[in-house]
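Notes follow the structure.
The values are calculated or read from the model by the stated rules, or taken from the named source; none is laboratory data. These numbers come from a predicted model, not from an experiment. Every residue, glycine as well, gets a Cβ built from its backbone with ideal geometry; the counts of neighbours run over all protein chains shown.
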Amino acid sequence: MMSLRAWTKVLPLASAAPLALLLLIGSARPPQDSGAPQRVPEHLSREEVYTDLDRAVQYLVDTQAETGRWGTRACESLLDLGFATETYHAYQFGAHAVACMALAAVSETSERRIALENAVHWLCGSPIPTRGDDWDIDNVWSALYGFVALVDLVQDERFARDPWKAGLERRGQQLYRLLARYQALSGGWAYYDDPPFLRTPTWATSFCTALVLPSLLEAQALGWDIDERVIARALKYVRRCAMPGGAYAYDLTPIPRISGVEHINLIQGSLGRTQVCNWALARAGVQSITPDVIRAGLDAFFDYHGFLDHVRTRPIPHEGFYANAGYFYFFGHYYAAQVIGLLPEDEREAWHARLRPHLTKTMWANGGASDFLDAPYAITASTSYIILALSLGLEEPDQEPDQEPEPDGEPDGETSVLTDDDD
């Protein structure tokens, strides 16, 4: 995901390409029906989305390379110019991890099982992306979603025994050490950094930190070597990002950044962040995240959904109202599906029924989708988020907190900076 600060660094390079070449970006999409737009239903039942879910899964299976990967390490979109070459590897690795999660979440066929095993082999055996530049630490995306995927997979009965288990745990600990190294002074994680550029980053975001917090708790419960201080600092960071009105600040600043009537830290600009942060804090046992708080966050998500619709597929980061960015569309919907699972069972289906149309309406004829660019990593990640979000609405597992409830005050935790010489 590209922030405004990063875009100002790469925009001069991207804009140097001829306009005619930029227009070719759209050629990667499959042909779409040019007829009158179809009305999007307000609700979809479980039975109405199985076909769409199967199409999305088949897209992943069909676009997977023989080696098990999706996409390549190369820059495959002209609107992605200006980054270090390692950055594209990081994008590929992170999207691949989400695809592994998606294939693991759906009902199994022999074709899907082969695709999943090949994908897991690649996840465990491919080189881990490294830091691309002084300011560009997109390899954190690889560590975040790679770690989340591995924690999920090691609890899957298909991979719970050796040699799978040993390989998953080994790669999981490698990515954890990367997370510990790149945990910012403030306790969170992000994908860019600010001067002075040091080994330990100085910038973090609420949503990056929130997405990995439950997996850190799960890994600790599984007996992995996870430092309690890393979890405590991450939890404190997300809690401190909470703002009045249900929003979560994009990043933690001494004085919350709100200026004017259209700002990214208002609830309309926090639609994607609110869901993942509420989910993470609830999973961490924070008592202040009650069902009413979760419902309020979901109500805002649907009430202001037009801002997400407006910005979906727009290629400039944060060009939407309230500085919304296209790449928050499927991210936000996936974590909306996650947080729905924390509500009482008898009300979950009604929420999922409202969520499903906003996923299926975006799908292309071949089952794929993208909310930002047409680069393969963006399509792989977007399609995988759709699969994950739809799958969560087809089964109703109860999600218990991963640790004992936290008191409403600030959690205790060390603030020392962890370092590790391992990659």
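Being out of contact with any strand residue (DSSP E or B) (no Cβ under 8 Å at 6 or more places or on another chain), more than 30 Å from Arg257 (Cβ to Cβ), at pLDDT 95 or above and of a type in the set (D, E, K, R) holds for only one residue in Arg171, Arg181, and it is Arg171. Of all residue pairs spaced 6 or more apart or on separate chains, those with beta-carbon atoms under 7 Å, a first member in the range 185-198 that is over 20 Å from Ala280 (Cα atoms) and a second member that is crowded, with 19+ Cβ neighbours inside 10 Å and among the β-branched types (Val, Ile, Thr) are Tyr192/Ile137; Asp193/Ile137.
So, Ile226, is that one in contact with a helix residue (DSSP H, G or I) (Cβ under 8 Å, 6 or more places away or on another chain), surrounded by fewer than 24 Cβ atoms within 10 Å (Cβ to Cβ) and either closer than 25 Å to Pro317 by Cα or β-branched (Val, Ile, Thr) (or both) or not? When the stated conditions are applied, Ile226 passes them. Of all the criteria given as (1) of a type in the set (Gly, Ala, Ser); (2) more than 17 Å from the chain's Cα centre (by Cα); (3) surrounded by 18 or more Cβ atoms within 10 Å (Cβ to Cβ), the one not satisfied by Gly326 is (2).
The one condition from (1) under 17 Å from the mean Cα position of the chain (by Cα); (2) closer than 23 Å to Pro214 by Cα that Ala296 does not meet is (1).
Within the range 247-281, the residues that satisfy the criterion of being assigned to a loop (DSSP other than H, G, I, E, B), of a type outside the set (Val, Ile, Thr) and under 24 Å from Asp309 (Cβ atoms) are Ala247, Ala249, Tyr250, Gly260, Glu262, His263, Asn265, Leu266, Ser270.
None of Gly132, Gly146 is among the small types (Gly, Ala, Ser) and touching an Asp or Glu at 6+ places or on another chain (Cβ under 7 Å) except Gly132.
For first residues located in the range 112-125 and at pLDDT 95 or above, partners that are polar (S, T, N, Q) and lie 6+ apart or on another chain with Cβ distances below 6 Å form the pairs Ala115/Gln64.
Selection within the range 369-392: residues that are not in a helix (DSSP H, G or I) and not hydroxyl-bearing (Ser, Thr, Tyr). The member of this set that is nearest to Thr51 (Cα to Cα) is Ala369.
Yes/no per residue for (1) more than 17 Å from Ile294 (Cα to Cα); (2) in contact with a Gly (Cβ under 6 Å, 6 or more places away or on another chain); (3) of a type outside the set (S, T, N, Q); (4) touching a residue at least 12 places away in the same chain (Cβ under 8 Å):
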{"position": "Ala210", "(1), (2), (3), (4)": "no, no, yes, yes"}
{"position": "Arg240", "(1), (2), (3), (4)": "yes, no, yes, yes"}
{"position": "Pro244", "(1), (2), (3), (4)": "no, no, yes, no"}
{"position": "Leu252", "(1), (2), (3), (4)": "yes, no, yes, yes"}
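Look at Thr290 and say whether it is modelled with pLDDT of 95 or more and under 24 Å from Ser259 (Cα atoms). No. Condition (residue is in contact (Cβ under 8 Å) with a residue 60 or more places away in the chain, in contact with a Pro (Cβ under 9 Å, 6 or more places away or on another chain) and not acidic (Asp, Glu)) applied to the range 327-335: is it met by at least one residue? Yes, there is a match, as at least one residue in the range 327-335 is in contact (Cβ under 8 Å) with a residue 60 or more places away in the chain, in contact with a Pro (Cβ under 9 Å, 6 or more places away or on another chain) and not acidic (Asp, Glu). Arg283 passes every criterion in (1) touching a Phe, Trp or Tyr at 6+ places or on another chain (Cβ under 9 Å); (2) among the basic types (Lys, Arg); (3) modelled with pLDDT of 95 or more apart from (1).
When the test is whether a residue is on the phi < 0 side of the Ramachandran plot and over 18 Å from the mean Cα position of the chain (by Cα), Ala99 does not pass it. If the condition is being surrounded by fewer than 18 Cβ atoms within 10 Å (Cβ to Cβ), charged (D, E, K, R) and outside any helix (DSSP H, G or I), then the range 64-118 contributes Glu66, Glu108. Looking only at the range 34-73, residues that are over 28 Å from Ala95 (Cβ atoms) and in contact with a Pro (Cβ under 9 Å, 6 or more places away or on another chain) come to 3 in all. Taken together, the residues in the range 152-171 that are assigned to a helix (DSSP H, G or I) and surrounded by fewer than 24 Cβ atoms within 10 Å (Cβ to Cβ) amount to 9. Taken over the range 119-132, the residue count meeting the criterion of being among the β-branched types (Val, Ile, Thr) and buried (at least 21 other Cβ atoms within 10 Å of the Cβ) is 1.
The number of residues in the range 116-130 that are touching a Leu at 6+ places or on another chain (Cβ under 8 Å) and farther than 12 Å from Thr67 by Cβ comes to 4. Taking the range 284-368 as the region of interest, the helices (runs of 4 or more DSSP H) fully inside it that hold 1 or more residues being under 29 Å from Leu217 (Cα atoms) are 291-303, 329-340, 345-360. Might you check whether a residue that is hydroxyl-bearing (Ser, Thr, Tyr) and at pLDDT 95 or above occurs anywhere in the range 15-38? Looking through the range 15-38, none of the residues is hydroxyl-bearing (Ser, Thr, Tyr) and at pLDDT 95 or above.
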